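None of the figures in this text is laboratory data; all of them are computed from the coordinates on show. Keep in mind it's a predicted model, so treat the numbers as computed, not measured. Using ideal geometry, Cβ is built from the backbone for each residue, glycine included, and neighbour counts are taken over all protein chains shown.
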Amino acid sequence: MKKKFDDGSYIKWASKETIMYVDGEFSVEVWGDYFRSGSFSTGRIIKYPSVMKWSARPESYSEIISNEKRNEIIEKIKVFLGHCKVIIQEINGIQLSQTHLYPPS
C-alpha cells in the first residue's frame with residue numbers, strides 16, 4: 001500500500017513494522033508497531049523520536065529533521081494509517097502519548 005500526497009511526497013510500508021516517508025531525495029523510516037485499544041480495535045504506535053533524522057538525504061543537507069517537517073510527516077502518517085498512537089516521549093519507562101483518529105470524529 002502506498003499513499004501519494006499532492007506535494008509529491010509519499011508513504012509506503014518498508015516492512016511489517018516500518019513506514020517509509022519519501023519526499024524527493026529525502027526519506028525516513030518510522031517505527032510503527034501494533035497496539036490493541038480494546039477487544040476488537042487495533043492501531044499503530046508511532047514513536048515520535050524515530051522521526052528525528054533522515055535515513056537518506058543529499059550530502060549538503062543536515063541529517064536532522066526540523067520540528068516543522070517532523071510534524072508534517074507525522075500528520076501524513078496519521079492520514080496513511082487512519083488510527084495511530086504517537087509516543088511523544090518516554091521518561092523512566094513511562095510513555096507519554098497522544099491518540100489520533102483520522103478523520104477526526
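Along segment 47-53, what does the Karplus equation 6.51 cos²θ - 1.76 cosθ + 1.60 (θ = phi - 60°) give for ³J(HN,Hα), rounded to whole Hz, x for Gly and Pro?
With the stated coefficients, segment 47-53 comes to 8, 3, x, 6, 10, 9, 10 Hz.
Quick query: amide H of residue 65 versus all other amide H atoms, modeled in the peptide plane; which residues come in under 5 Å with a sequence gap of 5 or more or a different chain?
So residue 65 has HN proximity to 53, 54.
Need the list of lysines near residue 12 for cross-linking: C-alpha distance under 16 angstrom, and skip anything on the same chain fewer than eight residues off.
Cross-link targets: 2, 3, 4, 76, 78.
What is the sum of charges around residue 61, taking Lys and Arg as +1, Asp and Glu as -1, for the other residues whose C-beta is under 13 Å from the C-beta of residue 61? List each step's numbers first, then the result.
On the way: positive: 53, 57, 69; negative: 23, 25, 59, 63.
Residues close to residue 61 contribute a combined charge of -1.
Quick query: amide H of residue 18 versus all other amide H atoms, modeled in the peptide plane; which residues come in under 5 Å with a sequence gap of 5 or more or a different chain?
It is 32, by chain and number.
Using each residue's phi in segment 2-16, evaluate 6.51 cos²θ - 1.76 cosθ + 1.60 at θ = phi - 60° and report the 3J(HN,Hα) Karplus result to the nearest Hz, with x for Gly and Pro.
9, 10, 9, 10, 4, 7, x, 6, 8, 10, 8, 7, 8, 7, 4
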